[in-house]
């Protein structure tokens with residue numbers, strides 16, 4: 001049965017301020033069933049509160065975040081140094097999936113680098129698989145860039161057949177591919193789905209004054225702001241066709257839907273999650 005959950009990256013500040021269990025209670029009260037933990041340290045207090053959330057609130061910990069290697073920017077658990085801890089956390093919390101949130105930037109630079117990184121993913125996926133844990137890779141728009149006519153996402157799939165995928169439908173659309181086409185192409189591989197909408201906001205009238213200014217600097221600033229009109233949005237507050245997308249994701253094999261919003265534009269994250277939940281409930285989820 002597929003769960004509807006929250007990507008807790010949205011709530012990392014609230015966890016740091018109020019504690020993990022308090023945040024889990026609010027997630028449960030909003031009507032969500034599971035969580036994906038990202039950008040939050042899995043230290044003993046947080047892990048203990050997650051364990052309590054499973055036992056007392058009935059929440060599922062659907063996935064944990066990992067990196068392949070510890071680096072200055074990958075400060076959470078990494079499979080090269082923390083493999084035993086990752087497996088132990090999964091067993092303790094009943095987690096079946098761990099996910100890599102993004103490939104390193106240098107792996108995006110060439111086909112050869114991408115293939116080399118994919119081979120490392122394959123080795124890690126096999127090693128985790130032997131422990132009963134499935135490794136997934138999460139896409140961004142850059143994963144639809146092509147080398148020699150082959151998308152980065154497809155290169156990774158080709159060289160890492162043991163890997164599964166967390167398909168972020170917003171980033172697929174932002175990358176220029178129909179999300180329905182992605183779900184069809186990756187049927188059976190899509191174990192985790194990020195659910196967030198794609199909104200394009202109207203051009204603010206005050207921006208027109210930049211064009212009227214007439215200077216190259218003002219025009220450059222206008223174009224910078226123009227590029228920011230696409231936004232991350234609460235589910236149902238954008239242009240994506242969720243009544244078609246969510247059944248297609250289920251058909252593609254999704255086991256967890258996680259609501260995520262990368263930017264909140266000044267709103268409270270719980271208000272954003274409440275709006276997303278209300279919309280999803282209105283269409284039968």
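Structure notes:
- Span from the the stretch 152-224 Cα centroid across to the the stretch 59-79 one, whole angstrom: 23 Å
- Cα gyration tensor category, rounded, prolate or oblate, for the chain with a/c compared to 1.5: oblate
- Highest-fluctuation residue, 39, 146, 231 considered, GNM on the chain with Cα pairs under 10 Å: 146
- Listed by Cβ neighbour count within 10 Å, with the fewest neighbours leading, 208, 189 appear as 208, 189.
- The convex hull of the Cα atoms of the stretch 148-229, projected and averaged over all directions, covers 7.9 nm².
- Exposure proxy order (Cβ contacts within 10 Å, fewest to most) of 223, 8: 223, 8
Computed from the coordinates by the stated procedures, all read-outs in this text should not be read as laboratory data. This is a predicted model, so every value here is computed, not measured. In this analysis, Cβ positions are derived from the backbone assuming ideal geometry, glycine residues included, and neighbour counts consider all displayed protein chains.
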